[in-house]
Amino acid sequence: MTDATTTLEQDDARAQPSVKAADIAANPPQRALRLHRELDEVWSDLPGWRGFFTSVNHGTIGLRFMATAFVFFAIGGVLAMLIRAQLATRNGVFLDNDLYSQIFTMHGSIMMFLFAIPLLEGLALWLLPKILGARDMAFPRLSALGYFCYLFGGTVIVLSLLFGAAPDGGWFMYVPLTDKTYSPGVNADVWLLGVTFVEISAMAAAVEITVTILRCRAANMPLTRMPLMGWYLLGTSVMMLVGFPPLILGSILLEVQRAFDWPFFDVGRGGSPMLWQHLFWLFGHPEVYIIFLPAAGALSTIIPVLSRTKILGYGALVAAVIGLVFLSFGLWVHHMFTVGIPHMALAFFSAASALVAVPTAVQIFAWIGTMWEGRVQFRLPMLYIMGFFATFVMGGLTGVMLAMVPFNWQAHDTHFVVAHLHYVLIGGFVFPMLAAVAYWMPLICGRWRVRGLGEAAFWLIFIGFHGTFFIMHLTGLVGMPRRVGVYPDNPEWEWLNLISSIFGMIQSAGFALFAFDVIMQWMFGRRSWRNPWQAPTLEWAMPLPAPSYNFASLPGPRQPDAGSILPLARGEGLLPGAPRGWRETVVVEPGTGRPQHVAVLASNTALPVATSAAIGSFFAMMLAGFYWVAPLGILATLIVAWKWGAIMGTDRDHPPADVAPGIRLPLHWQVRNTLAYTGAVALLVADATLFASLLFGVGFLAVVAPNWPAPESGIATWPMLAVSLGALAAMALGTVASRLAEQRRADPSLRVWTRLGLISTGAGLVLLGVIGVWLDDPTRHARDALRGATLGFAVVHGVIALMLALRADLDARTGRISAERRGAVPVWQLFQLFWLGTSAVSLALILVQEVL
Amino acid sequence: MLAVPLLTACNGPLSTLNPSGPVALEIARLWWAMLIGAGLITAMVMVMLILAIRRGPMLTEGNTSERRWIYGWGLGFSLSVLTVLLAFALWVGERMLARDDGAVTVQAQASQWTWRFVQPGPGGQPVMTEGVLYVPAGQPFDVAITSTDVIHSFWVPQLGGKMDAIPGHPNLHRLMADEPGVYEGQCAEFCGRGHPFMRFEVVAYDPAGPLPDFASITGPMVEPAFPEDVSGFEGTGQTEIPAQESSE
């Protein structure tokens, strides 16, 4: 470790900061074939069906995500066709109203949660390590866990259609329509539990994408010079970290209301249906940009390549991405212009909604300017990009119209909005994604496409799309609301709908042809030559199709782009081959990209599928209404989760790895700032957002909901204060113990500190339990329900802290912690501190409510 | 060929493009203005795109072109268009709000899947009706909107925008019909199985002429949305409508 540090420091001293990244000498060339065999042995999936359950490789998982997303896209598309068939005539008898409600709800939910988000996750998982110059994502097992949660959850949601139990409250699930009184069946539970289960994959992907971009780049590739796709996906993943928690919280609260009658949204008992709308759209609007950003990243990658020039305004585009990330959290209320919020408040959100068009306009004009500067090659991806421009510009402009409050009052909840959102989502996401598929297919399957099919598919989709949705703006303006399956009294809407339906069928034929084209390319395309588009980015610096390990040696400053394919294959880059027989990749410092250590990544394992099955068993029991058995699912999850930690540590010190001449780096067991540590920080950002959303709920209901103040509480203030302070003291002691455990890790007293941490964490949990017993009946009033929820948040984090304390204690006792090795202790510290901080806020809140 | 069905649709009973009150008229004007602007911008971007594709590479000096495309078009153009539009829309919106100017207040109470209304009837006495709302033409009126169960939305496209009916959160919505007539309304927020059939009518009568026959219903009276406004409700009824009626 020491000589690696000194080498790096010398490197640093020689480097001219801000002039050129430090050089790293090349490794001696080796035989490429030998390196390939050595790496493929280590990195490839198990053969046959076992490979399906045990693969953790980002290439496999990413492609699987994308393929599954397209299957759900096809299912959602079939539902769309059923909708169009029903609406083609005004007295459609094809579907009854109940079934129609299920079908439009499922169409929206599938397209959002089972197609768009997973497709972008799949693209990110598959592409990021390749384009950034790494061998895999930061947390390969987490990718696989996310995939199985998505697959299981999505399958249950779709299967519910076959049993007539599909969600039927609209994809934004407004309460009270979706509460137990007005939706007594299991339909709403399928949505709340199924989508939350699937969102585990979104959170996993968000953490993983963030950490991978920050820490798994090519050596000495500064953040400020990484490929634009990296910036776009970093924006996406940060938005996911902050955007999804409000939805997850809302879904949990609504499910708890449905299952246990805690009145978060019940007006009669101090709740408010508006709280759901705020939480939903706090997620729902950023969601649109979460979907748009990766697609825009693909455009920023493909347009300059196919225009044979550089992108115009790299810095401006990065600024636009950052601007979008911030602005998109300030405009959720534009979905709620008709709920009766004061006009001046609406004006603020209206301005923010219009302002978000500015970074979008910057990007559009930067792309046009890039094409203006270069020479555009009209290949198939460019055709889809033209489809993007023609569609998305109009969708953006109708978006600005809808941001104008008076017009929104008329157009809201009509087919005008339906047309607008399809222009934005198909224009801004589907067309760029089809371009991306056409562009990266040679790298995926190593083959070139079959001539002609792709163009035919494009024209069918393009003509079908505009035929369907252009006229739908008018359908809305002449008064047709969303979500009506029949309109017997309005013959004037019939011809408009009939035209939409006919072109909708043409559009579907186009998508079917697209799928056929991809399959044909995969099976029968001729072999593609290397780097067929002559692109500069690193994902093309590898043979086609991409090998399981991506790079035989990892790119550094001497292998900056796709032209370095041969030196990389010969092992001249960093960390050539797999000399230890492990899956290894270089981890860098986030800002400069300076190599810091070598991460040993997980190999093929069935742990992810077992974990998602355990989590799934909890959701399944909740769905079936077996509430008192459901904790068994949590127990099973904890047992499997324990095993994740078991294979992370090691019981002996390893020598540093030879990375390049003069650079030896420690393995990740022997450093503090590991990928797992960065991942824990990212996860806690999301967690803190969840907590903030909960506090928002407390404040919102207290101020806005009717039927407050709450009834007199039965809590005795002084004993409550005493126990609260006791619980916080126990948590604080645990935090101190976790810090001392790290400081004294080489010392025999280590075991004292881990044991003390374990005991005080347990004591903190017990005292929280005492408080729980004292709290008022949570079904009585929303205030009491919220107190139960905040306490539940503290208990959940106490259990996590306890698990980590147990891990540290066991590691200390089995010699897995030493002067060099810190085990799980740094992550344990983070969770202890988070638990202490959030619990202090929660308990203070309860006491302040009592005193006031 | 297409003109006839197009006109029929635009002049339909639920069309926002067939305004019959000042609010709807202002919004329709805003729409036509925005449509023209959007059409011009779309055409402009498409022309730029076609030119960008068709011309050969003529590398202009890097900084100039970044200034032109990103600062000129991306920031300058979009910001100026948006500022003008926002200011205009804010001004339009402000003029549509319910104000405390003694206008008639009527109650609209939504339930799955019907609308009940309370409006001043003969002698200013509140009358409860189902599915039909009676208001004087040519005068602004405020609708106090509530719901007894799930969220609905009150929408009469020819008169103006929509306003949600939310349990526990009463809303006030200002509208006006220019001429006597029957205007169709519908629930605009998905509210369950009966949503497509949750229609109603607004009958605007000539305040100078005889009152129409109120198809009143009996039953428990709709709760006032804003209890403190109950006196104001009777006051407006007393001072305006019956005064004109008693003069006949």
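Here the 3J(HN,Hα) profile of segment A:177-190, calculated from phi with Karplus coefficients 6.51, -1.76 and 1.60 at θ = phi - 60°, is 4, 9, 7, 5, 5, 9, 10, x, x, 8, 3, 5, 5, 4 Hz, Gly and Pro shown as x.
The accessible-area ordering, largest first, of the residues A:Trp718, A:Trp372, B:Trp91 stands as A:Trp718, B:Trp91, A:Trp372, per a 1.4 angstrom probe.
Carbon-plus-sulfur fraction of the accessible area of chain A, 1.4 Å probe, in percent?
On the way: 19780 of 28280 Å².
Heavy-atom surface of chain A belonging to carbon and sulfur, 1.4 Å probe: 70 percent.
Taking all protein chains into account, the per residue accessible area for segment B:3-94 stands at 52 Å² (1.4 Å probe).
Accessible surface ranking for A:Phe139, A:Phe148, 1.4 angstrom probe, highest first: A:Phe139, A:Phe148.
Which residue, A:Gly616, A:Phe429, A:Gly59, has the largest displacement toward the positive end of the dipole of the protein assembly as shown when charges sit on each Cβ (Lys, Arg +1; Asp, Glu -1)? Result: A:Gly59, furthest along the dipole toward the positive end. An oblate overall shape is assigned to segment B:3-94, the ratio a/c of its alpha-carbon gyration tensor axes (a ≥ b ≥ c) being 1.5 or greater and a/b not exceeding b/c. Computed about the Cα centre, the dipole magnitude for chain B is approximately 1600 debye when only Lys and Arg (+1) and Asp and Glu (-1) carry charge, each at its Cβ.
May I ask you to derive the FRET efficiency for A:Ala25 and A:Thr155 from their Cβ-Cβ distance with R0 = 51 Å, giving the value to the nearest 0.05? Could the numbers behind the result be given before it?
On the way: r = 51 Å, r/R0 = 1.00.
That pair, A:Ala25 with A:Thr155, gives E of 0.50.
Overall shape: oblate for chain A, with the ratio a/c of the largest to smallest alpha carbon gyration tensor axis at 1.5 or above and b/c at least equal to a/b.
In a shell of Cβ-Cβ distance under 10 Å around A:Leu544, excluding A:Leu544 itself, what net charge do Lys and Arg (+1) and Asp and Glu (-1) give? My count for the surroundings of A:Leu544 gives +3.
Using bins of 5 Å that start at zero, the share of Cα-Cα pairs per bin across segment B:1-47 amounts to 5, 20, 16, 19, 19, 13, 6, 1, in whole %.
Between B:Val47 and A:Thr181, the modelled labels are 5.8 nm apart [label points 7 Å from Cα along Cα→Cβ]. Annotation: segment A:709-851 has a Kirkwood hydrodynamic radius of 15.7 angstrom, from the mean reciprocal C-alpha pair distance. DSSP finds beta bridges in the protein assembly as shown, and of those with both partners inside it, around 75 percent are antiparallel.
Summing +1 for each Lys or Arg and -1 for each Asp or Glu, what net charge is found among the other residues whose Cβ lies under 10 Å from the Cβ of A:Thr338?
Values: positive: B:Lys162; negative: A:Asp413, B:Asp164, B:Glu189.
In short, -2.
For chain A, averaging the sequence separation of C-alpha pairs within contact (under 8 Å, six or more residues apart) and dividing by the residue count gives a relative contact order of 18 percent.
Would you list A:Met648, A:Met81, A:Met274 from the most to the least accessible area, probe 1.4 Å?
On the way: A:Met648 95, A:Met81 40, A:Met274 10 Å².
Ranked list, largest accessible area first: A:Met648, A:Met81, A:Met274.
Database remark: amide H of A:Ile663 closer than 5 angstrom to no amide H (H placed geometrically; neighbours at sequence offset of 5 or more, or on other chains; Pro and chain starts carry no H).
Spatial offset of segment A:230-266 relative to segment A:749-825 amounts to 23 Å, using the alpha carbon center of each. Short to long, the 5 Å bins of the Cα pair-distance histogram for segment B:104-246 hold 2, 11, 21, 25, 21, 13, 5, 2, 0, 0 percent of all pairs. Computed over segment A:59-524, the range of Cα coordinates on each principal axis works out to 60, 47, 46 Å, biggest value leading. Using alpha carbons only, how many angstrom separate the centre of segment A:20-95 from the centre of segment A:494-568? A separation of 12 Å, based on Cα centres. Taking a sphere under 15 Å around the Cβ of A:Ile83 and counting the other residues whose Cβ falls inside, with K and R at +1 and D and E at -1, yields a net charge of +1. Full extension of the chain segment joining A:Met81 with A:Phe524 gains 156.4 nm, where the gain is 0.36 nm per residue of separation less the Cα-Cα distance. In this calculation the C-beta distance from A:Asn673 to A:Leu632 is compared with R0 = 45 Å, giving a FRET efficiency of 0.75. Name the residues of segment A:389-419 whose amide N is less than 15 Å from a point 7 angstrom out from the Cα of A:Ile502 along the C-beta direction? Those under the cut-off are none; the list is empty. So if I take the centroid of the Cα atoms in segment B:1-34 and the same for segment A:587-634, what is the distance between those two points in Å? Segment B:1-34 and segment A:587-634 have Cα centres separated by 54 Å. From its DSSP helices (H runs of at least four residues, each -39,500 (n - 2.57)), the protein assembly as shown gives a residue-normalised ellipticity at 222 nm of -19500 deg cm²/dmol. When the surface is traced with a 1.4 Å probe over the full set of protein chains, A:Tyr314 keeps roughly 70 Å² accessible. Rounded to the nearest 20, the Cβ-based charge dipole of the protein assembly as shown about its Cα centre (Lys and Arg +1, Asp and Glu -1) stands at 5360 debye. With each label modelled as a point 7 angstrom along the Cα→C-beta vector, the A:Ala844-A:Trp459 pair spans 6.7 nm. Accessible area buried by the pairing of A and B, both sides summed with a 1.4 Å probe, works out to roughly 6900 Å². Note on chain A: dipole from Cβ charges, positive end direction compared against A:Phe514, A:Val629, A:Ala819; the farthest Cα belongs to A:Ala819.
The values are calculated or read from the model by the stated rules, or taken from the named source; none is laboratory data. Given the structure is predicted, the values throughout are model-derived calculations rather than measurements. Cβ: placed from backbone, ideal geometry, glycine included. Neighbour counts: every protein chain shown. Side chains are part of the model used for accessible areas, which takes the heavy atoms of the whole protein and leaves out ligands, DNA and RNA. Shrake-Rupley method; radii C 1.70, N 1.55, O 1.52, S 1.80 Å.
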